[in-house]
Amino acid sequence: MALAQPDPAAPGHGLLSERIAPLRGSLATTACMETLQVGYLHAVAAAAGCSLSQPFPDNGIDWHVSHSAPGHTVDDEVTIKVQLKCTYQIPPHPPGGAFSFTLDNDHLVKLARTPVSVHKILVVMLAPRIRDEWLRAGHDRLALRHCCYWTNLAGHPVTGRRRTTVRIPTSRIFDDRALCEIMTRVGVGGRP
């Protein structure tokens, strides 16, 4: 008995994005964006060999990321605090060396505090406006779109009445290598 093999040129074969759009749930887009950025963080932490914990209750910091390595001199395991944000208002590949992102002043004060015993970073995800474009899956990959960028806001001044705009460098792509480099610097007593 011979089985017919799918035709790679046929419509609907290959990536999920090429299929007919599914009926998505009615959860608010902002709630889905929070879940998307958490998935990104989990993937990066897994590839970097880090553990994650979520503070409960959340006091303005979303995640604690810990990293153990023999090269750490301040402790055998170091931890940073991560605040996640996600927006579809900024397009992928922002022009220039940085993009603007606005934070509530209360939140900025928490992220900008210095000195600290546990360093904090802000991770901002730029996502497509349309959920159908958030990820692509194939037999050899799962790609999340678009990208996360990170910055350390320690010492950043509050400049607005209720909100302050900060600049996020586009050179600081948040991936497993970046996270390992951050942890290496913190592990020897430096800043992220």
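Quick rundown of the values:
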{"read-out": "Every pair of residues 6+ apart whose Cβ atoms lie under 9 Å, when the first sits in segment 152-166 and is within 8 Å of ALA112 (Cβ to Cβ) while the second is among the charged types (D, E, K, R) and part of a loop (DSSP other than H, G, I, E, B)", "value": "ALA154/ARG113; ALA154/ARG191; GLY155/ARG113"}
{"read-out": "Residues within segment 129-149 that are touching a strand residue (DSSP E or B) at 6+ places or on another chain (Cβ under 8 Å) and open to solvent by 60 Å² or more (accessible area, probe 1.4 Å), tallied", "value": "3"}
{"read-out": "Subset of segment 174-192 [in a loop (DSSP other than H, G, I, E, B), surrounded by 14 or more Cβ atoms within 10 Å (Cβ to Cβ) and among the hydrophobic types (A, V, I, L, M, F, W, C)]", "value": "PHE174"}
{"read-out": "Every pair of residues 6+ apart whose Cβ atoms lie under 8 Å, when the first sits in segment 91-111 and is farther than 20 Å from ALA154 by Cα while the second is aliphatic (A, V, I, L, M)", "value": "PRO91/LEU126; PRO92/LEU126; PRO94/LEU126"}
{"read-out": "Qualifying positions in segment 92-118 - under 30 Å from GLU133 (Cβ atoms) and open to solvent by 80 Å² or more (accessible area, probe 1.4 Å)", "value": "HIS93, PRO95, ASP104"}
{"read-out": "Residue under evaluation HIS42, criteria (1) more than 30 Å from MET183 (Cβ to Cβ); (2) at pLDDT 95 or above, criterion not met", "value": "(1)"}
{"read-out": "Of all residues making up segment 52-70, the number that are open to solvent by 60 Å² or more (accessible area, probe 1.4 Å) and either assigned to a loop (DSSP other than H, G, I, E, B) or over 15 Å from THR184 (Cα atoms) (or both)", "value": "6"}
{"read-out": "Segment 134-173, subset part of a strand (DSSP E or B) and hydroxyl-bearing (Ser, Thr, Tyr), residue nearest to VAL44 (Cα to Cα)", "value": "TYR149"}
{"read-out": "Given (1) modelled with pLDDT of 95 or more; (2) β-branched (Val, Ile, Thr); (3) surrounded by fewer than 16 Cβ atoms within 10 Å (Cβ to Cβ); (4) within 24 Å of GLU133 (Cα to Cα), index of the condition THR73 fails", "value": "(4)"}
{"read-out": "Looking only at segment 163-173, and only at residues there that are open to solvent by less than 10 Å² (accessible area, probe 1.4 Å) and in contact with a helix residue (DSSP H, G or I) (Cβ under 9 Å, 6 or more places away or on another chain), the one that is nearest to ILE121 (Cα to Cα)", "value": "VAL166"}
{"read-out": "First in segment 118-133 and assigned to a strand (DSSP E or B), second anywhere and small (Gly, Ala, Ser) and open to solvent by 20 Å² or more (accessible area, probe 1.4 Å), Cβ under 8 Å, 6 or more apart", "value": "LYS120/ALA154"}
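The values are calculated or read from the model by the stated rules, or taken from the named source; none is laboratory data. A quick note: this is a predicted structure, and the numbers were derived from the prediction, not measured. Cβ atoms come from the backbone with ideal geometry, glycine included; neighbour counts cover every protein chain shown. The area values use the complete protein model at the heavy-atom level, side chains included, leaving out ligands, DNA and RNA. Shrake-Rupley method; radii C 1.70, N 1.55, O 1.52, S 1.80 Å.
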